[in-house]
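Contents: one structure, followed by commentary.
The values are calculated or read from the model by the stated rules, or taken from the named source; none is laboratory data. Everything numeric here is computed off the predicted structure, so don't read it as measured data. Quick reminder, even Gly has a Cβ in these numbers, built from the backbone with ideal geometry, and neighbours come from all protein chains shown.
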């Protein structure tokens, strides 16, 4: 008993040390397959660091508009001060003096109104008359400051285009929705690189909530949405389900094992191989993946290590009366070794897939299975050399039912054939291609996200355009070509499109605008003609003429210069124009898309190698399909390897096929029932099928020979333990956990019953 306690303590310490020394990555994009097409490759990169995945959308309601505006302004100020956000929009965003100076200096190179006709006397005359009228109004101070240096109004037009949001109503320095009850609106973009990193997203959400609380909102309430919020809510929903199911399953499993074995020692006996396998798998995965383990691979791997619970249960159940635990371990070891090696080999086949998540999953689970089997063989007998743990006899009705099932090979064959026919009749299993169907986020939260996006005019993540890659000039030129081509679609196919060229025209465009500027003497003559009869001093517009002369010699503005002199504008530009290695990549975000097909047709007509239309839904479905096919392919490859190993271990290919019968039959039955229930398969179902295959190997191997009633009872104990551990997940509300639980429940029950039916009958005299 002391050795067992010391072993559990040592394993706890080792697990704690590994947990502190080895990082666990939470970036979901790392678990996705790399793109196999230009569109999917771009989408893969955007999932890691794209603008659309880092947006947080917020509404504040429940108070008077003036109070909502105050809370909004103070919340936005707190977000900016936190340093966690590249951009915060709330209606108070203004350009600083240095930014205004840069924008003012480059106004004629940046303004789309810069063309030869804008500087003629005919064009200047109404501008000068409007300036004269404006000087008599409350706007006089602003016009006096900029009007004489820029009578064309290029600077004020740029400032409005860059900072204002025409879709929103601004009150008291805050954005408000134009429909429904009073609601202040904010939008924030987390630091670049957050992407699908759940930890970074969670920190951004927590910062947002803290900034709102610091604004002393009173009765006002915060409505927050966006990918980061979805990730946090999904994690909370999953944690709640797992907490409930873990408590229920732990209690039921402990009660079942205590009833069957009447010994607390058995609980420790089960814990040691499971903990040893988990630690070994964790350490090996960290070793082959440069010191960090993907969180999803860890979760799946630990799920698959549920197979290892069978090993100590088989050791305790199959020990004969008066037989030492060491001797029992030595006797069952050949079969146990073959079962563990077969299960590990089936998983290890995924190492050749090339998908990072599957490779880590194969390493973790395969190593853990072997370590748990070795622990059962050599460590458990040493920890409890004098243990006398035995299962009580099965109740007579159960023993009679199992006895009647033995040797019913015709029944087993009929069930497997029926499952195959049903599966074919139903058209085979369906693959889940809709990510929304897997989301644990309530429908109400998804509806709120859509409502806030409409009110804010936030990017529609269903479709986008990739620009480039190439030089900055090439990407900006492509952006301008797209803007020109998309202009006829505005107002019906889409509401708007945010392009990098909106903030920074291409170099060629800036030079063309320079060329469109009149010579100083030509501008002076046109200005003199336009001023005729107006009460302006002859030298009043000298700053305007000086600006035209200076603009002729300005170097084109670049993204680097913009970042140095205008951080507000650079923050707007950065999600749309970024450097990827040696090249520059741009993205155009569509807003209010009503007709995605029209945008796809636009890209086809452009036939521009620098403009790529991306249907995010279609590409995401393609990624899921690719992952599903890879998982299935390598699982089948593992099955072939396992069959070969069974043939070698059993010394006969016919015996190997007989052992493989319950495994294949259980998979067929499970797939048929899932399809009949309308369950579309996901990666999580496939992982559960791998777990099922590992369990079925145990059942089939130990029942393939002249199994006694004790062996039947031991396998029943293992199956019941698995159902109590994983089967309860079928009652979860989280779609992913529900799918795992349902698959394991159906599979374990069918694997056990088929293995019993295919077991040879015991002779009547036995």
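Kindly establish whether residue 136 is part of a helix (DSSP H, G or I), modelled with pLDDT of 75 or more and either over 32 Å from the mean Cα position of the chain (by Cα) or in the same structural domain as residue 123 (by TED's automatic domain parsing) (or both). It is false that residue 136 is part of a helix (DSSP H, G or I), modelled with pLDDT of 75 or more and either over 32 Å from the mean Cα position of the chain (by Cα) or in the same structural domain as residue 123 (by TED's automatic domain parsing) (or both). Looking at 588, 540, 594, just one residue is outside any helix (DSSP H, G or I), closer than 24 Å to residue 113 by Cα and in contact with a strand residue (DSSP E or B) (Cβ under 7 Å, 6 or more places away or on another chain), and that residue is 588.
Restricting attention to the range 592-626, the residues that are within 22 Å of the chain's Cα centre (by Cα) and either more than 16 Å from residue 478 (Cα to Cα) or modelled with pLDDT of 90 or more (or both) total 13. Filtering the range 162-202 to residues that are more than 17 Å from residue 90 (Cα to Cα) and either assigned to a strand (DSSP E or B) or modelled with pLDDT of 85 or more (or both) leaves 181, 197. Note on the range 597-628: among residues that are touching a strand residue (DSSP E or B) at 6+ places or on another chain (Cβ under 9 Å) and under 30 Å from residue 342 (Cβ atoms), the one that is surrounded by the fewest Cβ atoms within 10 Å (Cβ to Cβ) is 625. The residue of the range 727-766 that is farthest from the chain's Cα centre (by Cα), among those that are free of Cβ contacts under 8 Å to residues at least 24 places away in the same chain and farther than 28 Å from residue 245 by Cα, is 765. Exactly one residue out of 653, 662 is in contact with a helix residue (DSSP H, G or I) (Cβ under 8 Å, 6 or more places away or on another chain) and modelled with pLDDT under 90: that is 653. Scanning the range 668-710 for residues that are part of a loop (DSSP other than H, G, I, E, B) and under 28 Å from the mean Cα position of the chain (by Cα), which turns out modelled with the lowest pLDDT? Among those that are part of a loop (DSSP other than H, G, I, E, B) and under 28 Å from the mean Cα position of the chain (by Cα), it is 682. Report yes if residue 633 is surrounded by fewer than 18 Cβ atoms within 10 Å (Cβ to Cβ), part of a helix (DSSP H, G or I) and in contact with a helix residue (DSSP H, G or I) (Cβ under 8 Å, 6 or more places away or on another chain), otherwise no. Yes; evaluated as a whole, the condition is true for this residue. If you go through the range 113-133 and keep only what is under 11 Å from residue 530 (Cβ atoms) and part of a loop (DSSP other than H, G, I, E, B), you end up with just 120.
For the residues 276, 297, the requirement of being part of a helix (DSSP H, G or I), more than 25 Å from the chain's Cα centre (by Cα) and on the phi < 0 side of the Ramachandran plot singles out 276. Flag: residue 523 matches the condition of being in contact (Cβ under 8 Å) with a residue 24 or more places away in the chain and either over 20 Å from residue 103 (Cα atoms) or more than 40 Å from the chain's Cα centre (by Cα) (or both).
Just one of (1) modelled with pLDDT under 90; (2) part of a helix (DSSP H, G or I); (3) crowded, with 16+ Cβ neighbours inside 10 Å fails for residue 7. It is (1).
Among the residues of the range 502-520, which ones are in a helix (DSSP H, G or I), under 26 Å from residue 473 (Cβ atoms) and without any contact (Cβ under 8 Å) to a residue 60 or more places away in the chain? Correct list: 507, 508, 509, 511, 512, 515. Remark: residue 80 matches the filter, which requires a residue to be free of Cβ contacts under 8 Å to residues at least 24 places away in the same chain and in a helix (DSSP H, G or I).
Conditions (1) at pLDDT 85 or above; (2) in a helix (DSSP H, G or I); (3) under 34 Å from the mean Cα position of the chain (by Cα), marked per residue:
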position: 367; (1), (2), (3): yes, yes, yes
position: 372; (1), (2), (3): yes, yes, yes
position: 402; (1), (2), (3): yes, yes, no
position: 414; (1), (2), (3): yes, yes, no
position: 468; (1), (2), (3): yes, no, yes
